[in-house]
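Undergrad: The structure that follows is given in the form of structure tokens.
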Amino acid sequence: MNHIDLPSLAPLLPEIILALFAIVLLMAGAFSDEEATPTISIMAIVGIIGAIVAICLTTPGQTTFDGAYIVDGFARYLKILALIGAAISILMTIGFARHQAFGRFEYPVLILLSAVGMMLMISANDMIGVYLGLELQSLAIYCAVAINRDSTRSTEAGLKYFVLGALSSGMLLYGITLIYGFTGATIFPDIARVLSDGDASLGVIFGLVFVMAGLAFKVSAVPFHMWTPDVYEGAPSPVTAFLAAAPKVAAMALFTRVVFSAFEPISTDWQQIVIFLSIMSMVLGAFAAIGQTNIKRLMAYSSIGHMGYALVGLAAGSPEGVTGVVVYMTIYMITTLGTFACILGMRRADEGMVEDISDLAGLVRTKPWMAAAFTLLLFSLAGIPPLVGFFAKFYVFLAAVKADLIPLAIIGVLSSAVSAFYYLRVIKIMMFDDPRDRFEPMAGELRTVLAVAGAFSLLFFLVWTPILSAATAAAQSFF
Amino acid sequence: MTIASLFFYLFAVVLLASALMVISSRNPVHSVLFLILAFLNGAGIFMLTGAEFLALILIVVYVGAVLVLFLFVVMMLDVDFAQLRQGFMQYLPVGALVGIVLLVELILVLGAYTLAPAVAEHVVVPIPPPSEVSNTEALGLVLYTRYAFYFQVCGLILLVAMVGAIVLTLRHQANAKRQNVAAQVNRSVEDSVEVRDVASGRGLQL
């Protein structure tokens, strides 16, 4: 009988910590009443902080389970980013739960399990890991979207997301089987080695297209974006805030790793797909958002557009491009979380939560600080200098120009100008329209998130050097 | 060898016939029963090719669990299949046309298909040759070592599914009566039985 040693578990320490926290908190929640939910949320945040510490302690550049799981600089940076996003989303629900009957203890547990899935996606170096990580992450989110089960909108959004998500998983799996069949490998470096002569067989191209379709669904790139507005609108607002931030980071990281680790030798083949996805997303994100009246739907189209801009960096296929993607996702996540802190603060005493853009009318006169921070964030999302969003776009477009993708960069700049229109419209409504009734005071944690995000968009240059050097170091993992 | 091919044809014919019955029988319960027959014969074919683990898993999981669940669903939900089939003849010409076009395309594509020579080079043998270990043993050798991590992740996914099902459907009913074993055991004779003298013809005032 041959004896096989269990591979090293040390690189998995952050995931193990998070999974254990999720299981223990699940038991704690099941045996206590609803009063315990805020405590469980706080413990979940503690667990995420523990996982972040564990990530900082692991040494980069190791693989385990025969190369199926990789911890490199890229994985560490994006895991920390995604975990911060998850922690802030949980933090923002605590106040919301108090006045909106959102006291299910399962919610933070589902977010923790989803965070484990995101970490698996970011570290996956094997097609099986890609699929399992994606499923773990998405299944937890499907449940979270429908968690408000007495609301038709929430359950409809959950069902829609689930059905379309299952379809995209099917496409992804089909692509994976084709790639396995034609290359004989599921581990990324092995796939790259088989493809190293540069010409891929038709089967591999087919598989690549299917895999990219599945991944494009997860980052909500056009033409796989149909679920986004409905799910964003139907899901409870804190869930939308989570959905728009951390999973997007994880999915974009996975997208980057798949194309750069596994399909690097056939980069001309995937570049044209990425360019197509990117142009379509930017244009649709710019034009479809114009007619929206619901702020969450507006954010949905905005996030579709932003994924298009991030994909510009990927299309460049260069170290600068990957740096651009990493920087873009960092800035996108912080700005989006700040924006959702504002949206979660849109609550009136008589009407409850409101979501219409017209409800923001005259905000500058009723709540000047909230209006100021919101304006900063929207200007930043629009990419207007000297705010941080401009530099995010600047880096990806610069990478595209350097890679001789000048038409792509021009389309990007033009659609960014169009998208500025709808951000400015929201600002105009806040600044110049007649004021509506005052919103209820925001919870302390929302105010903190909003203040930090607003300050970041203005004073980013204080932390710019460390972010840029960390992103550059992360991008170097592939080259 | 002849016995093996005899069994192959037996299984294959029954499999195809029962698969045809699944889609053509009018009663949905019959469809499910024929599906069970189809799976059992499929398992037989797997067994003939030496994939005994897959064969047994097919029987245990699909026949033992999934199809029994199907049967429950078919019996509990009152689906009017006759109504679903309405308009079948109306859509038949277009459906048949699409089917024929697809078939012709498939024949054209697959007829010209040759396996790329590179594929044969890359085919890997992840497990020891079947002559050394049985495939159940070979799967066990990698499932709990090399793929132990993925095995655990599957466990987490199932945990999410369980949590999700409870979150989305379980409702605590306030007036539901539950059995409290401790309270039942702790009852004593004094507080549950009372002995009264009943005078004859008078009855008892409680």
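The values are calculated or read from the model by the stated rules, or taken from the named source; none is laboratory data. These figures come from a predicted structure and were not determined experimentally. Reconstructed Cβ throughout: ideal geometry from the backbone, glycine too, with neighbour counts over all protein chains shown. We work out accessible area using only protein heavy atoms, side chains counted, and drop any ligands, DNA or RNA first. Shrake-Rupley method; radii C 1.70, N 1.55, O 1.52, S 1.80 Å.
Undergrad: Which of the residues spanning segment A:386-427 are within 23 Å of the chain's Cα centre (by Cα), free of Cβ contacts under 8 Å to residues at least 60 places away in the same chain and under 24 Å from A:L468 (Cα atoms)?
TA: A:F390, A:F394, A:V413
Undergrad: Tell me yes or no: at least one residue of segment B:152-166 is open to solvent by less than 60 Å² (accessible area, probe 1.4 Å), modelled with pLDDT under 75 and facing another protein chain (nearest Cβ under 8 Å).
TA: no
Undergrad: Another question, if that's okay. Answer yes or no: is there a residue in segment A:163-177 that is at the interface with chain B (Cβ under 10 Å from one of its Cβ atoms) and open to solvent by less than 10 Å² (accessible area, probe 1.4 Å). Spell out the reasoning first.
TA: First, the residues of segment A:163-177 that are at the interface with chain B (Cβ under 10 Å from one of its Cβ atoms): none.
The answer is no, given that none of the residues of segment A:163-177 is at the interface with chain B (Cβ under 10 Å from one of its Cβ atoms) and open to solvent by less than 10 Å² (accessible area, probe 1.4 Å).
Undergrad: Name every residue in segment B:141-150 that is of a type outside the set (S, T, N, Q) and more than 17 Å from A:S123 (Cβ to Cβ), in order of residue number.
TA: B:L141, B:V142, B:L143, B:Y144, listed by residue number.
Undergrad: State whether the residues of segment A:289-299 include one that is assigned to a loop (DSSP other than H, G, I, E, B) and under 21 Å from the mean Cα position of the chain (by Cα).
TA: Yes, the conditions are met somewhere in segment A:289-299.
Undergrad: Which residues, taken from segment A:63-82, are acidic (D, E) and away from chain B (no Cβ under 14 Å)?
TA: Across segment A:63-82, the qualifying residue is only A:D72.
Undergrad: Exactly one condition in (1) within 22 Å of A:E135 (Cβ to Cβ); (2) modelled with pLDDT under 95 is not met by A:L195; state its number.
TA: Going through (1) within 22 Å of A:E135 (Cβ to Cβ); (2) modelled with pLDDT under 95 one by one, A:L195 breaks only (1).
Undergrad: May I pose another question? If I ask for residues that are modelled with pLDDT under 70 and in a helix (DSSP H, G or I), which ones from segment B:122-151 would you list?
TA: Listed by number, the list holds a single entry, B:H122.
The rows are residues; the columns are (1) open to solvent by less than 10 Å² (accessible area, probe 1.4 Å); (2) more than 25 Å from A:L405 (Cβ to Cβ); (3) modelled with pLDDT of 95 or more.
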| position | (1), (2), (3) |
| --- | --- |
| A:E264 | no, no, no |
| A:W270 | yes, no, no |
| A:I273 | no, no, no |
| A:A288 | no, no, no |
| A:G291 | no, yes, no |
| A:S318 | no, no, no |
| A:G324 | yes, no, no |
| A:I343 | yes, yes, no |
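Undergrad: Identify the single condition in (1) open to solvent by 10 Å² or more (accessible area, probe 1.4 Å); (2) over 18 Å from A:A471 (Cβ atoms); (3) out of contact with any Lys or Arg (no Cβ under 7 Å at 6 or more places or on another chain) that A:M353 does not satisfy, given that it satisfies every other one.
TA: Status for A:M353: all satisfied but (3).
Undergrad: One residue is enough: does segment A:43-53 have a residue meeting the conditions within 11 Å of chain B (Cβ to nearest Cβ) and open to solvent by less than 10 Å² (accessible area, probe 1.4 Å)?
TA: no
Undergrad: A follow-up question, please. Report the residue count in segment A:428-447 for those that are free of Cβ contacts under 8 Å to residues at least 40 places away in the same chain and assigned to a loop (DSSP other than H, G, I, E, B).
TA: 1
Undergrad: With A:R149, A:R193 as the choices, which residue is more than 27 Å from A:E355 (Cα to Cα), more than 18 Å from the chain's Cα centre (by Cα), within 11 Å of chain B (Cβ to nearest Cβ) and open to solvent by 40 Å² or more (accessible area, probe 1.4 Å)?
TA: It is A:R193.
Undergrad: Among the residues that make up segment B:101-121, is at least one of them outside any helix (DSSP H, G or I), more than 10 Å from chain A (Cβ to nearest Cβ), modelled with pLDDT under 90 and more than 34 Å from the chain's Cα centre (by Cα)?
TA: Yes, there is a match, as at least one residue in segment B:101-121 is outside any helix (DSSP H, G or I), more than 10 Å from chain A (Cβ to nearest Cβ), modelled with pLDDT under 90 and more than 34 Å from the chain's Cα centre (by Cα).
Undergrad: With segment A:139-227 as the region, which helices (runs of 4 or more DSSP H) entirely inside it contain at least 3 residues that are touching a Phe, Trp or Tyr at 6+ places or on another chain (Cβ under 8 Å) and touching a residue at least 40 places away in the same chain (Cβ under 8 Å)?
TA: Working: elements: A:152-183, A:188-194, A:202-218.
So the answer is A:152-183, A:202-218.
Undergrad: With respect to the numbered conditions (1) in contact (Cβ under 8 Å) with a residue 12 or more places away in the chain; (2) touching a strand residue (DSSP E or B) at 6+ places or on another chain (Cβ under 7 Å), which one is the sole condition not fulfilled by A:V354?
TA: Only one criterion is unmet by A:V354, namely (1).
Undergrad: Let me ask something else. Within segment A:14-33, can one find any residue that is away from every other protein chain (no Cβ under 14 Å), open to solvent by 20 Å² or more (accessible area, probe 1.4 Å) and closer than 22 Å to A:I84 by Cβ?
TA: No; the residues of segment A:14-33 include none that is away from every other protein chain (no Cβ under 14 Å), open to solvent by 20 Å² or more (accessible area, probe 1.4 Å) and closer than 22 Å to A:I84 by Cβ.
Undergrad: Turning to a different aspect of this structure: List pairs: first in segment B:146-167 and touching a residue at least 12 places away in the same chain (Cβ under 8 Å), second surrounded by fewer than 19 Cβ atoms within 10 Å (Cβ to Cβ) and β-branched (V, I, T), Cβ under 9 Å, 6+ apart or cross-chain?
TA: Sorted first by the residue in segment B:146-167, then by its partner, the list stays empty.
Undergrad: Tell me whether segment A:227-243 contains one or more residues that are open to solvent by 30 Å² or more (accessible area, probe 1.4 Å) and at pLDDT 90 or above.
TA: For segment A:227-243, residues open to solvent by 30 Å² or more (accessible area, probe 1.4 Å) and at pLDDT 90 or above: present.
Undergrad: Can you pull out every residue in segment A:97-121 that is more than 10 Å from chain B (Cβ to nearest Cβ) and open to solvent by less than 20 Å² (accessible area, probe 1.4 Å)?
TA: Passing the criteria: A:F102, A:G103, A:P108, A:I111, A:L112, A:A115, A:M118, A:M119, A:M121.
Undergrad: How many residues, within segment A:456-479, are among the small types (G, A, S), touching a residue at least 12 places away in the same chain (Cβ under 8 Å) and open to solvent by 50 Å² or more (accessible area, probe 1.4 Å)?
TA: Taking segment A:456-479 first, the residues among the small types (G, A, S) are A:457, A:469-471, A:473-475, A:477.
Narrowing further to those that are touching a residue at least 12 places away in the same chain (Cβ under 8 Å): A:457, A:470-471, A:473-475, A:477.
From what's left, open to solvent by 50 Å² or more (accessible area, probe 1.4 Å): A:473.
The total comes to 1.
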